[in-house]
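Worksheet for the structure shown next.
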Amino acid sequence: MDERDESAERFLRLVQQRRRGRLKVYLGLAAGVGKTYRLLQEAHELRRQGVNVVLGYVETHGRPETVAQVRDLPEVPRKTLFYKGRALEEMDLDAIIQRRPAVVVVDELAHSNVPGSKNEKRWQDVEDLLRAGISVLTALNVQHLESLHDQVLKITGTDVTERVPDQVLRDADEVVNVDLTVGELRGRLEEGKIYDPAKVPVALNHFFRADNLLQLRRLAVREVAQLLGQQVETEAGGAAPVPAPRRNADRLLACINTNEPAAREIIRKASRLAQQLGMSTWYVLYVQTRREAADRINLAAQRHLLRNLQLATELGGQILRVKSDDVVTAVITVAREKEATLLMCGITSEKTVWQRLSHRGITQDLIRAVAQLEQDVDMFLVTY
């Protein structure tokens, strides 16, 4: 039995173990590494073992080797939705649930559904399938992970708009890193195996630059290694990880305000830190002053705040809202109540280092207040 057969057999054992569907994610550093091809290979292997597997949605992008893998696999017909006068195809979620296969292949997990669909995002469709007891094989590029958005933007200059909450990946039963070297991936691109030849020069000089791909590859490898480490800990009975001595006792409190980009970056960094430290619980605190009361704050700021609080919830944070004009005292009070050991807040990058440290602002007052606490609290400053 080769490695792929063993992988399919392991997933089959998982499928048979419980009533909720199982989730297996093929994670890659970028388009063209072979995620969809691997999905289809596994579907064939499961079919050979007698498993009822169907294709819910597969995007071949016209790549011949991928198209060849689709043959002989049963497919649930897509449904047609009309949007702005155009007929668009989407995965037929209801038809798959009604058919009730053991396993369904659902490509492009980060996809946004056509307006009018039951769910806004495809990852939400996958959640519905899992709740219905149907196991899912899916694929995702690392740049679509919500908490990595700011890092990916700095690396590539690309604002990735289709994103998946990290919790979806953390809840997966298996995550497989589909890896290629930077040279191999750029070679596939140059040979026209990923995009139309007319798009290749632009791709090579922008997103698919060697330095970009190298950093994305590191992100993907790190993500899978971290998830594997957490899985090993869980299967070993929750033994404490070795690298961080205080890890089990750490409690993270991230503080945000109505500054939308700063709050968004703080929330994502808090999520990454909580994941790295193995925290099952972490908090996002918003202190509402009188000038930010519902009848005083503008509608755009309200929408941004609600969107950021929703983001925190999607990434696994617990929301805390306090009304007070004394922000520092409110933060310190909550930090004491929650026995926080890690405190994260933002600081502007518009001033020089000396100006930031000498200027009396909320963050600086908070640093001074934390220094006087009787409990041991480390502060993380997120520059925006």
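Would you please give the FRET efficiency between Gln226 and Gln302, computed as 1/(1 + (r/R0)^6) with r the Cβ-Cβ distance and R0 = 41 Å, to the nearest 0.05?
0.70
Among Ala172, Leu366, Ile134, which residue has its Cα positioned farthest towards the positive end of the charge dipole of the chain, with +1 placed on the Cβ of Lys and Arg, -1 on the Cβ of Asp and Glu, and the dipole taken about the Cα centre?
Leu366
Contour minus end-to-end for Val322 and Arg20, with contour as 0.36 nm per residue of separation and end-to-end as the Cα-Cα distance? Could you put the intermediate results ahead of the total?
Details: separation 302, 0.36 × 302 = 108.72 nm, distance 3.77 nm.
Working it through step by step, the gained length comes to 105.0 nm.
Roughly what would the spin-label model give for Arg131 and Asp72, points 7 Å off Cα along C-beta, in nm?
Placing both labels 7 Å along Cα→Cβ, they lie 3.7 nm apart.
Multiply the residue separation of Leu214 and Thr60 by 0.36 nm, subtract the distance between their alpha-carbon atoms, and state the gained length in nm to one decimal. Can you show the working numbers first?
Working: separation 154, 0.36 × 154 = 55.44 nm, distance 2.49 nm.
In short, 52.9 nm is gained.
Checking understanding here: applying a Kyte-Doolittle mean of at least 1.0 and a length along the axis of at least 30 Å (C-alpha), which whole DSSP H helices in the chain pass?
none
First measure r as the distance between the Cβ atoms of Gln364 and Glu260, then evaluate 1/(1 + (r/R0)^6) with R0 = 30 Å and state the FRET efficiency to the nearest 0.05.
Efficiency, from the Cβ-Cβ distance: 0.85.
What do you get for trypsin sites (Lys or Arg not before Pro) in region 70-123 restricted to DSSP loop and a cutoff of at most 12 other Cβ within 10 Å of the site's Cβ?
Within region 70-123, the qualifying trypsin sites (Lys or Arg not before Pro) (loop, at most 12 other Cβ atoms within 10 Å) are Arg71, Lys84, Lys118.
Would you mind telling me the share, in percent, of accessible area of region 3-157 contributed by carbon and sulfur at probe 1.4 angstrom?
44 percent
Probe radius 1.4 Å, ligands and nucleic acids ignored: give me the carbon and sulfur share of the accessible area of region 255-326 as a rounded percent.
About 47 percent, which is the carbon plus sulfur part of the accessible surface.
Using only alpha carbon positions, build the gyration tensor of the chain, then give the equivalent ellipsoid semi-axes as the square roots of 5 times its eigenvalues, largest first, whole angstrom.
So the three semi-axes of the chain are 41, 24, 22 Å.
Would you mind getting the accessible area per residue of the chain, heavy atoms of the protein chains only, 1.4 Å probe, in Å²?
50 Å²
Cα-Cα over 24 Å: which of Lys84/Lys118; Lys269/Lys338; Lys84/Lys154?
Lys84/Lys154
Percent of alpha carbon pairs in region 266-350 separated by more than 17 Å? Spell out each step's value before the answer.
Details: 1903 of 3570 pairs.
Of the Cα pairs, 53 percent sit more than 17 Å apart.
The values are calculated or read from the model by the stated rules, or taken from the named source; none is laboratory data. None of the values given here were measured: they were computed from a predicted structure. With ideal geometry, Cβ positions are generated from the backbone for all residues, glycine too; neighbour counts draw on all protein chains shown. We work out accessible area using only protein heavy atoms, side chains counted, and drop any ligands, DNA or RNA first. Shrake-Rupley method; radii C 1.70, N 1.55, O 1.52, S 1.80 Å.
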